[in-house]
Amino acid sequence: MAVSNDEGSCLLREFNRNSLRWQQVIVLRGDSLAEYEEVMGPQDSYTFGPINIIGGDPGTGEFYETVGSLRDIADTMRFHGNADEAYDVEPAKTPEEWANAYHEERERREELSKGTIWSANQ
């Protein structure tokens, strides 16, 4: 199964399995969830730990992100890390609260890249 970068996605994961780094994307196809997995390369090439990024609520069918935007976030995390306060939301919070935390972190990173705010975590 292939996925398109403009397709809505509720989850992107990166993890190591059998000495390889994998990326898994979950999308809604029809009335059910579908998983797409792809090998990214040898796990030794990736120093960043596992990545889990929520992009929507599969229970309601609401998607806040696309496959492409989740991949962009994963790239940023792998290459630049993430702030200590990134996605600082209790696990029991709602998907909307997770989405808000995600968007606040993206806005903060955008401001950092423009040089309009300063952070010790740059």
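Please give the strands (runs of 3 or more DSSP E) falling wholly within region 1-47 in which 2 or more residues are among the basic types (Lys, Arg). Reasoning before the result, please.
Working: elements: 8-17, 20-29, 32-42.
Answer list for region 1-47: 8-17, 20-29.
Scan (1) within 15 Å of the chain's Cα centre (by Cα); (2) free of Cβ contacts under 8 Å to residues at least 12 places away in the same chain for the single condition residue 47 breaks and write down its number.
(1)
Which ones in region 11-46 are more than 28 Å from residue 100 (Cα to Cα), surrounded by fewer than 16 Cβ atoms within 10 Å (Cβ to Cβ) and either in contact with a helix residue (DSSP H, G or I) (Cβ under 9 Å, 6 or more places away or on another chain) or at pLDDT below 90 (or both)?
16, 17, 18, 19, 20
Just one of 68, 55, 8 is surrounded by 12 or more Cβ atoms within 10 Å (Cβ to Cβ), within 22 Å of residue 106 (Cβ to Cβ), in contact with a Cys (Cβ under 7 Å, 6 or more places away or on another chain) and of a type in the set (Gly, Ala, Ser); which is it?
On the way: 68 fails: in contact with a Cys (Cβ under 7 Å, 6 or more places away or on another chain); 8 fails: in contact with a Cys (Cβ under 7 Å, 6 or more places away or on another chain).
Answer to the selection: 55.
The values are calculated or read from the model by the stated rules, or taken from the named source; none is laboratory data. Keep in mind that what you see is a predicted model, and the values were worked out from it rather than measured. Ideal geometry is used to build each Cβ from the backbone, glycine not excepted, and the neighbour counts take in all protein chains shown.
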